[in-house]
Amino acid sequence: MLRLLSCYWCFMLFLAVIGSGRGHRHEHHDDRDHRNVTYEGRSLIINGHRKILFSGSIHYPRSTPQMWPSLIAKAKEGGLDVIQTYVFWNLHEPQKGQYDFSGRNDIIRFIKEIQSQGLYVCLRIGPFIESEWTYGGLPIWLHDVAGIVFRSDNKPYKYYMQRFVTKIVNMMKSEKLYASQGGPIILSQIENEYQTIEPAFHEKGPPYVLWAAKMAVDFHTGVPWVMCKQDDAPGPVYHGGTNFGRTAAAFMITGYYDQAPLDEYGLVREPKWGHLKELHAAIKLCSRPLLTGTQNVISLGQLQEAFVFEETSGVCAAFLVNNDERKAVTVLFRNISYELPRKSISILPDCKTVAFNTERVRLQATLISTVSTQYNKRSKTSNLKFDSDEKWEEYREAILNFDNTLLRAEGLLDQISAAKDASDYFWYTFRFHYNSSNAQAPLDVQSHGHILHAFVNGEYTGSAHGSHDNVSFTLRNTVHLRQGTNDGALLSVTVGLPDSGAFLERKVAGVHRVRVQDKSFTNCSWGYQTTFRAPAGNDPIALNLQSMGKGEAWVNGQSIGRYWVSFKTSKGNPSQTRYHVPRGFLKPTGNLLVLLEEENGNPLGITVDTIAIRKVCGHVTNSHLPPLSSWLRHRQRGDTDIKKFGKKPTVQPSCPLGKKISKIVFASFGNPDGDCERYAVGSCHSSHSQGVVERACMGKSRCSIPLSSRYFGGDPCPGIHKALLVDAQCR
C-alpha cells in the first residue's frame, strides 16, 4: 500500500524531518490563533491533533496574481489541505543585492491568499529547486563569484545561500506567516533532492547537508524543516503553469506540466482531478483509524495483502492490495469476498465496504476509472487572425560585422560567462584571409549548445541545434568564399540554462571550435509587431504560433516565453504551438504583440485563441462506485455504517465557473456502446433518457443523475447490466 500510494502521501513518506517545531503552547486550539506544529512517525501534529494532509504544488510565478484565488479554490475543492511552492531565488535577486517581490513575484500576497482560503502552506525555500526552471533557480551572478562551488561545503556558496534564506525567513516572520505566529506555513524545506548528486561532491557533500540543516533549525521558525528527496516528482503537482519569459530550463517548453489536474490555464482536467478528489475523500474517511489505530498486515494471497488499521473501540479501515500486474483476483477478507483489479488498492473505510479503487483502465482514447468521475475536453476557438500584411510592422536585424563588435578576445568565449544570461543571443564574429581559387570551402563549427545560425559575408549558410539529452552538436556545411578578406558571423542561441546535476557552475554553452577549409579559429533575426483587441469574456487566452519557427513573444512588454514550433517531437509534431497569454497581461484594446523570429516563420498564420471546457461527459456502470461526497456527509452526522446508505453510481456533469449546461448532446440509460470519446445507443436503451437528463440538467452549472431504473421510469431491459452515458455542452 505504501509504495503505491507514495505519490499522494509525499509529506509522510519522503520527507526527512530535520528540526522540531516547538511553537508557543496555548490552552485552546483555535486555528486563528498560534499553532503548535510537531510531528511523529505517523503524521504531523497541529495543536495536539494528528492530521492527514494532502498537498499540491502551485508555483506563484507560473501564473498571475489574478489567477491565484481561482487556482487555490479549485485545489481546495479537490481535497487539498496544503499548497506547496518553491521560492525562486533568481526571480527575487536577479542582480546581487537587488530584490524583486512585485507582480508574479509577490510571494507574500500569494501565501496570504492561501491563508484567506483556509489552507496550509509548505514553503520550499531550497534555494536550489530544479523544477524545469532555468539554472535550477540559482541566480546567474553566482557563476562569477570567485572560487564558488554550488551546493557543497564551500564558503562562498554557503554565504550567499544563507543570506538569501535569511531574507526569506525574516520576510515570513515579519508578516507573521509561520504557524507558530498564527500563519499558514506549517512546514519549510531546505535544499532539494540533494541525495541524487551528493556522491559527486565526495567529502564536501555530507558537511554541507549538516550545515544546511543546522542553519535552518537555528532560524527558530516554530515549524518543522524538511529535506525532500521526492522520487515521484512531478506527482505532487495538482497545477502546472507557464514558464513565462526566459525562465524555462534548457530545452524545456514554455508550458509547464499541462497534464496536471489543474492545467496550464487553470482549467480542471478530468477525469484526473475528480479521481484525485475521490481518493482524498476516501482516505479522509479512514482518518481516525489511520491516525490512532493499530496497524496489522494480513496476507490474502501470494501477491495480495491487507493493511488494517483498527482501534480498540472497533473503528476500522482497511486497504486491500493486489500487487499482481497481470490479472484481477478474488480474495476473502473478514469472511467477505472482494474482487481486486490488477495492480490496485481497494479502500474500505469501515473494513467492509469498498469506497475507492485505484484501478484505471484505458478504453480507446479515454481514461476511465472505477470511480464515478466525469470526463471533459478543452476546445480552442480562434477569435482573431493576423492574416493581412497591413496588420504587421516588420523589422530586420543586420548581420553583425567584425568591425562593429565591442568585446574582443583571443579565444572563443563561453556564452554563459560572457552573456551572463542577459540574453539568449550571442554573436561570434571572425575575419580571415582566403587565397584559394576554389570558391567553395567546408565550414565546421562545434558548439556546446544550444542553437547556431551561420553567416559568411552577410549571407545565411545554415543552422544546427542540439537536444535536451545531447546539447553539443556540430554544424557542417559548404560555404561560398571570396578571395581575400572574408567575414564570418555565428549567432549562438541558448534556450534556457541547465536546471540539474552536480557542479552546475561548470556548465558551458556556445561555440568552442571553428574551422574553414583547414584553418582553425579559436579566437539574422526578424522582428514583427502588431496590436489587437482582447477577446470578450473570461475564458483563458492563448497565442497560436503554429505558423512560426523559433523566437520569443511579448504582449504589452510582458514576455510570454520562448517559442520553438519548428522543433519536432519524436512523433514529428511541434513541441508546443499555443502559448498562454494571461488576461492580467491585457488591456481591452490596443494590446501590443511583438515577436522576435529567428527562422522564416509566417506571422500571417498567427491567431489569438480562447481555451474553454465546453464538453463534459460522464459514463458509469454497475461496477462503478458511488460518489464519496454523500458518505462524507453521513460520517459528519455520526453515522458509521457506510453500506446502508444505498447510494448508486452517479453521473455528475459539472461546467466550469460561470458556465451552464446548454445542451444534452447524448444520453442513454441501458447499455450504450463506446465511451465519452465515441458512443452510440446500444441494444438496450430507455426512451426516456434524453428527456430525464434534460429536465435534471439544462440551465444548471451541475447536476446529478443516478444509475437507477426508477429514475428513468422503469427498467427498459430486465436482466441486463445497466450503464449510463451523458454528454453535455457548457456555454
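The values are calculated or read from the model by the stated rules, or taken from the named source; none is laboratory data. Only a predicted model underlies this, so the values are computations on that prediction, with no experimental measurement involved. Please note: Cβ atoms are built from the backbone with ideal geometry, for glycine as well, and neighbour counts cover all protein chains shown. Surface areas here come from the heavy atoms of the whole protein model, side chains and all, with no ligands, DNA or RNA. Shrake-Rupley method; radii C 1.70, N 1.55, O 1.52, S 1.80 Å.
Assign one of three labels to region 231-301, namely rounded, prolate or oblate, based on the Cα gyration tensor with a ≥ b ≥ c the square roots of its eigenvalues; rounded applies when a/c is under 1.5, prolate when it is not and a/b is larger than b/c, and oblate otherwise.
prolate
Taking 25 Å as R0, compute the FRET efficiency from the Cβ-Cβ separation of Ser379 and Lys571 and round it to 0.05.
Working: r = 22 Å, r/R0 = 0.90.
The computed FRET efficiency comes out at 0.65.
Placing unit charges on C-beta atoms (Lys and Arg positive, Asp and Glu negative, everything else neutral), compute the dipole magnitude of region 485-576 about its Cα centre in debye, rounded to 20. Before the final figure, lay out each step's value.
Details: 10 positive and 6 negative charges, 55 e Å.
That gives region 485-576 a dipole magnitude of about 260 debye.
Check Val121: other-chain or 5+ apart residues with amide H under 5 Å from its amide H, H built from backbone geometry?
For Val121, the qualifying residues are Ile83, Ile185, Ile186, Leu187.
To the nearest 0.05, what FRET efficiency results for Thr589 and Cys717 with a Förster distance of 56 Å applied to their C-beta separation? Before the final figure, lay out each step's value.
Numbers: r = 58 Å, r/R0 = 1.04.
After rounding, the FRET efficiency stands at 0.45.
What residues from region 692-731 fall in the zone where the backbone N is under 14 Å from a label point 7 Å along the Cα-to-C-beta line of Ser683?
Zone members listed by number: 717-722.
Using 19 Å as the cut-off for backbone N distance, which residues of region 689-703 belong to the label zone defined by a point 7 Å from the Cα of Asn538 along Cα→Cβ?
699-703
Report Ile416's accessible area, 1.4 Å probe, all protein chains in place, as a number in Å² to the nearest 10.
Around 10 Å² of this residue is reachable by solvent.
Check Val354: other-chain or 5+ apart residues with amide H under 5 Å from its amide H, H built from backbone geometry?
none
Pick out, from Val145, Ser63, Ala75, the residue whose Cα sits farthest towards the positive end of the charge dipole of region 63-194, with +1 on the Cβ of Lys and Arg and -1 on the Cβ of Asp and Glu.
Val145
With r as the distance between the Cβ atoms of Glu394 and Asp469 and R0 = 56 Å, compute the FRET efficiency 1/(1 + (r/R0)^6) and round to 0.05.
Values: r = 36 Å, r/R0 = 0.64.
That gives a FRET efficiency of 0.95.
At Tyr434 and Asn457, where each label point lies 7 Å from the Cα along Cα→Cβ, what is the point-to-point distance in nanometres?
Calculated label separation equals 0.6 nm.
Size of region 435-533 along its principal axes in angstrom, Cα-based, largest extent first?
Over region 435-533, Cα extents along the principal axes are 49, 47, 20 Å.
Say the cut-off is 28 Å between C-alpha atoms; which of Lys277/Lys659; Lys51/Lys155; Lys173/Lys204; Lys176/Lys587 go over it?
Violating the 28 Å limit, Cα to Cα: Lys51/Lys155; Lys173/Lys204; Lys176/Lys587.
Dipole of region 104-196, Cα-centred, from +1 at each Lys and Arg C-beta and -1 at each Asp and Glu C-beta, to the nearest 20 debye? Walk me through the intermediate numbers first.
Details: 11 positive and 9 negative charges, 78 e Å.
I would put it at about 380 debye.
About the Cα centre of the chain, how large is the charge dipole given +1 on each Lys and Arg Cβ and -1 on each Asp and Glu Cβ? Please answer in debye to the nearest 20. Intermediate results must be reported in sequence, preceding the final value.
Working: 83 positive and 68 negative charges, 433 e Å.
Using Cβ point charges on Lys, Arg, Asp and Glu, the chain gives about 2080 debye.
Mind ranking His468, His448 by accessible surface for me, highest first, 1.4 Å probe?
On the way: His468 100, His448 60 Å².
Largest accessible area first, the list is His468, His448.
Apply the Kirkwood formula to the chain: the hydrodynamic radius equals the inverse of the mean of 1/r over all pairs of different alpha-carbon atoms; give it in Å with one decimal. Could you put the intermediate results ahead of the total?
Values: mean 1/r = 0.0346 Å⁻¹.
About 28.9 Å for the chain.
Once a ≥ b ≥ c are taken as the square roots of the eigenvalues of the Cα gyration tensor of region 59-179, is the result rounded (a/c under 1.5), prolate (a/b larger than b/c) or oblate (a/b not larger than b/c)? Working shown, then result.
On the way: a/c = 2.18, a/b = 2.00, b/c = 1.09.
Cα axes put region 59-179 in the prolate bin.
Given the peptides 683-690, 252-259, arrange them by the average over their residues of other C-beta atoms within 10 Å, most packed first.
Numbers: 683-690: 17.0, 252-259: 20.5.
Put in order of decreasing packing, that is 252-259, 683-690.
So how much slack lies between Ala418 and Glu325, counting 0.36 nm per residue of separation and subtracting their Cα-Cα distance, in nm? Spell out each step's value before the answer.
Details: separation 93, 0.36 × 93 = 33.48 nm, distance 5.30 nm.
Result for the pair: 28.2 nm of gain on full extension.
Please compute the length gained on full extension between Ile336 and Glu410, using 0.36 nm multiplied by the number of residues separating them and subtracting their Cα-Cα distance. It would help to have the intermediate numbers written out before the result.
On the way: separation 74, 0.36 × 74 = 26.64 nm, distance 8.12 nm.
Contour length minus the Cα-Cα distance gives 18.5 nm.
Taking the Cα centre of region 411-546 as the origin and placing charges on Cβ (Lys, Arg +1; Asp, Glu -1), which of Pro540, Leu490, Thr530 is farthest toward the positive end of the dipole?
Of the candidates, Leu490 comes out farthest on the positive side.
Please list 3J(HN,Hα) in residue order for region 596-605, calculated via the Karplus relation 6.51 cos²θ - 1.76 cosθ + 1.60 where θ = phi - 60°; whole Hz, with x for glycine and proline.
Here the 3J(HN,Hα) series is 10, 10, 8, 10, 10, x, 10, x, 5, x Hz.
If the reach is capped at under 18 angstrom between alpha carbons, list the aspartates and glutamates near Lys343, excluding any in the same chain fewer than eight residues apart.
Those aspartates and glutamates meeting the cut-off are Asp232, Glu305, Asp324, Glu325, Glu359.
Given the pairs Lys272/Lys615; Lys284/Lys327; Lys647/Lys722; Lys96/Lys167; Lys377/Lys663, which span a C-alpha to C-alpha distance of over 18 angstrom in this model? Numbers along the way, then the final one.
Details: Lys272/Lys615 15 Å; Lys284/Lys327 29 Å; Lys647/Lys722 15 Å; Lys96/Lys167 13 Å; Lys377/Lys663 15 Å.
Among Lys272/Lys615; Lys284/Lys327; Lys647/Lys722; Lys96/Lys167; Lys377/Lys663, the Cα-Cα distance tops 18 Å for Lys284/Lys327.
Using a 1.4 angstrom probe on the protein heavy atoms only, line up Trp554, Trp89, Trp273 by accessible area, largest first.
Numbers: Trp554 70, Trp89 0, Trp273 30 Å².
So the residues, ranked largest to smallest area, are Trp554, Trp273, Trp89.
Using amide H atoms built 1.01 Å from N in the peptide plane, name the residues 5+ places from His450, or on other chains, whose amide H lies under 5 Å from its own.
Distant-sequence amide H within range of His450: Val493, Thr494, Val495, Gly510.
To two decimal places, what compactness ratio does region 658-711 give when its Cα radius of gyration is scaled by 2.2 N^0.38 Å? If you can, show how the numbers build up before the last one.
Working: Rg = 11.7 Å, N = 54, 2.2 N^0.38 = 10.0 Å.
My calculation over the Cα atoms of region 658-711 gives 1.17.
Roll a 1.4 Å probe over the protein heavy atoms and report the accessible area of Cys351 in Å², nearest 10.
Number for this one is 10 Å².
In region 292-337, what GluC sites (Glu not before Pro) fall in a loop by DSSP, with at most 11 other Cβ atoms inside 10 Å? Write down the numbers at each step before the final one.
Numbers: sites: Glu305, Glu310, Glu311, Glu325; in loops: Glu311, Glu325.
For GluC sites (Glu not before Pro) across region 292-337 that sit outside H, G, I, E and B with at most 11 neighbouring Cβ atoms in 10 Å, the list reads Glu325.
List, in order, the whole-Hz ³J(HN,Hα) value for each residue of region 709-726 obtained from phi through the Karplus relation with A = 6.51, B = -1.76, C = 1.60 and θ = phi - 60°; use x for Gly and Pro.
My calculation for region 709-726 gives 4, 4, 5, 9, x, x, 8, x, 7, x, x, 9, 4, 9, 9, 9, 10, 10 Hz in order.
At a 1.4 Å probe radius, which order do Thr292, Thr166, Thr221 fall into by accessible area, largest first? Spell out each step's value before the answer.
On the way: Thr292 80, Thr166 40, Thr221 5 Å².
Largest accessible area first, the list is Thr292, Thr166, Thr221.
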